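Remarks on the structure that follows.
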Amino acid sequence: MDTAEVLLHPVRLRIVHAMAGGEMTTAELCERIPDASKATIYRHVGALADASVLEVAWEQRVRGVVEKRYRLRRDRAVIDAERAASTTVDEHRAAFPVAMAVLLAEFAAYLDRPDADPAGDLVGYRQHSVWLSDDEKAALIEDLREVLLPRLTQAPAPGRRQHLLSPILFPTRQ
């Protein structure tokens, strides 16, 4: 199974997002994604580990059971440029609803938290219609990369909270 097939599942994608903050056990992932059953989380952690998207950071015996702590392999948790360029229209048609399902699930989980404060947390989900030439679109994408890439490697630290950012760009007409 290629990386795109592994990643394009709502629960697996949510696990990847959760793991971006560091090492976690499957039990900790279950706490982080409470709307998915434990069996579901365990099954999808196994699939991600089998695909080398997750790796075992360490393991120890706890009450007769081996507890594994996983870490995300960021180099494996991406769809490379070649695979992205070869994605068919039908594959895009199948992948986009998965991405939207993850957004809906993560946003619902946020709103379900007792400390949810959309105004205080500066939650935003605006949409803008912009007119761009091909060169202007390429420049916009490069500008976004320049702003986002340094932040994608930031580790958890005091005062930092994980946020989900999902830029979506597509033409609406010819």
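What follows is calculated from the coordinates using simple rules that are stated; it is not laboratory data. What you see is a predicted model, and the numbers here were worked out from it, not measured in a lab. Methodologically, a virtual Cβ is constructed for each residue, glycine included, from the backbone with ideal geometry; neighbour enumeration extends over all protein chains shown.
For L54, the residues whose amide H sits under 5 Å from its own are A49, R73, ignoring neighbours fewer than 5 places away on the same chain, with H placed 1.01 Å from N. The charge dipole of the chain, taken about its Cα centre with unit charges on the Cβ of Lys, Arg, Asp and Glu (plus for the first two, minus for the last two), comes to roughly 600 debye.
Using a 10 angstrom cutoff on alpha carbons, build the Gaussian network for the chain and name the most mobile of A57, A109, A119. Result: A119 has the largest fluctuation of those listed. The residue among Q60, L104, A119 whose Cα reaches farthest toward the positive pole of the charge dipole of the stretch 58-120, with charges on the beta-carbon of Lys, Arg, Asp and Glu, is Q60.
Peptide packing for 76-85, 157-166 was compared via the average number of neighbouring C-beta atoms within 10 Å per residue; ordered from the highest value, the list is 76-85, 157-166.
The long axis of helix 38-50 is offset from the longest Cα principal axis of the chain by roughly 70 degrees. Each label was represented as a point 7 Å from its Cα along the Cα-to-Cβ direction; for H128 and Q162 these points are 2.8 nm apart. Comparing R151, R126, R43 in a Gaussian network model of the chain, where Cα atoms under 10 Å apart are tied by springs, the biggest mean-square fluctuation is seen for R126.
Above 29 angstrom, tally the Cα pairs of the chain and express them as a % of all pairs, no decimals. Cα-Cα pairs in the chain separated by more than 29 Å: 28 percent.
For T25, the residues whose amide H sits under 5 Å from its own are Y70, ignoring neighbours fewer than 5 places away on the same chain, with H placed 1.01 Å from N. On full extension, the segment bounded by Q154 and D90 gains 19.6 nm, given 0.36 nm per residue less the C-alpha separation. The phi torsions of the stretch 104-119, fed into the Karplus equation with coefficients 6.51, -1.76 and 1.60 and a -60° offset, translate into couplings of 4, 5, 5, 5, 4, 4, 4, 5, 6, 6, x, 9, 4, 9, x, 5 Hz, rounded to whole numbers, with Gly and Pro shown as x.
Computed from phi, the 3J(HN,Hα) profile of the stretch 58-71 under the Karplus parametrisation 6.51, -1.76, 1.60 (θ = phi - 60°) reads 6, 9, 8, 8, 10, 6, x, 10, 7, 9, 10, 10, 9, 9 Hz, with x in place of Gly and Pro. Rounded to the nearest Hz, the phi-derived 3J(HN,Hα) couplings of the stretch 161-173 under the Karplus curve 6.51 cos²θ - 1.76 cosθ + 1.60 (θ = phi - 60°) are 10, 6, 10, 9, 10, 10, x, 10, 9, 7, x, 9, 6, where x marks glycine and proline. Computing FRET efficiency as 1/(1 + (r/R0)^6) for A4 and K137, where r is the C-beta to C-beta distance and R0 is 22 Å, gives about 0.40. Think of the chain as having a plus end and a minus end, set by charges on the Cβ of Lys, Arg, Asp and Glu; of H9, Q154, A39, A39 sits farthest toward the positive end of this dipole.
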